[in-house]
Amino acid sequence: MTLLRRFRSKRGQSLVEFAIILPVIMFLVLGMVEMGFAINHNTSIVTATRQGARVGSELVDGVNRDGTKLESTASDNVDPQIIAAVEGVLISPGSPVNISQVQKIEIFLANSTTGAMTASVNTWIPAPAHTGPQIPGSSPAQYLDFKPQVGGTWNTWTRTGGGTAQSIGVKITYTYKFITPLGGILTAFSSGQITMADQTIMAMEPPTP
């Protein structure tokens, strides 16, 4: 009888210990899975800023490398092409990014020494689906999911890659919303979402000799 009581006591103790440790295990598992999703989103954002900066560094002020202007790269069309390059990555089949969760895309003149954002910034914000400016050169016409915010301070025609080349930066600010139930668990301590940001800076391409 005493042995039976001890056995039941140990079994009950094991159940209590398991009940205590299970939430911890589940929290860790959900945390690892959520981190994987977050890294995947962040990777797409990083790729998008690189693509945007690459296009911006090549287009510079919208003047072709031989000094002639092309309609598709006229000054007023430079930023829309940068945004189109960014958006193309964000909505690509392999991207998990929800375009509606992009807070803003900033195109800016970077400090030549520190790479920091200067006061010369053009900010693009979300627009209702496909109601932003037309993508330059698209036929039939296609429209961006972003629009320029009023008050941009970096005129495209002032950009230069000659002499002391300027550096262009592209920054994306994104709201990542938790995908696993971990978000619901954390709502008592947070909103179940985090803000991600990434930027890429590249030197402007010099004119062709």
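The figures follow:
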| quantity | calculated |
| --- | --- |
| Extreme residue, modelled with the lowest pLDDT, among residues of segment 167-181 that are surrounded by fewer than 18 Cβ atoms within 10 Å (Cβ to Cβ) and out of contact with any Ser or Thr (no Cβ under 8 Å at 6 or more places or on another chain) | Pro181 |
| Cβ-Cβ under 9 Å pairs, at least 6 apart or on other chains, segment 110-126 side surrounded by fewer than 16 Cβ atoms within 10 Å (Cβ to Cβ), far side basic (Lys, Arg) and at pLDDT 95 or above | Ile125/Lys104; Ile125/Lys147 |
| So Val78, is it at pLDDT 85 or above, out of contact with any Leu (no Cβ under 6 Å at 6 or more places or on another chain) and closer than 21 Å to Gln166 by Cβ | no |
| Options Thr160, Thr164, Thr153: the member that is more than 20 Å from the chain's Cα centre (by Cα), hydroxyl-bearing (Ser, Thr, Tyr), surrounded by 14 or more Cβ atoms within 10 Å (Cβ to Cβ) and in a loop (DSSP other than H, G, I, E, B) | Thr160 |
| Test for Phe178: is it closer than 20 Å to Ser75 by Cβ and of a type outside the set (Lys, Arg) | no |
| Scope segment 120-157; condition more than 15 Å from Val102 (Cα to Cα) and in contact with an Asp or Glu (Cβ under 7 Å, 6 or more places away or on another chain); matching residues | Val121, Asn122, Thr156, Trp157 |
| Every pair of residues 6+ apart whose Cβ atoms lie under 6 Å, when the first sits in segment 152-166 and is more than 17 Å from Arg54 (Cβ to Cβ) while the second is among the polar types (S, T, N, Q) | Gly152/Asn122; Thr153/Ser120; Trp154/Ser120; Trp154/Asn122; Trp157/Ser75; Thr160/Gln166 |
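The values are calculated or read from the model by the stated rules, or taken from the named source; none is laboratory data. All values reported here derive from a predicted model rather than from experimental measurement. Cβ: placed from backbone, ideal geometry, glycine included. Neighbour counts: every protein chain shown.
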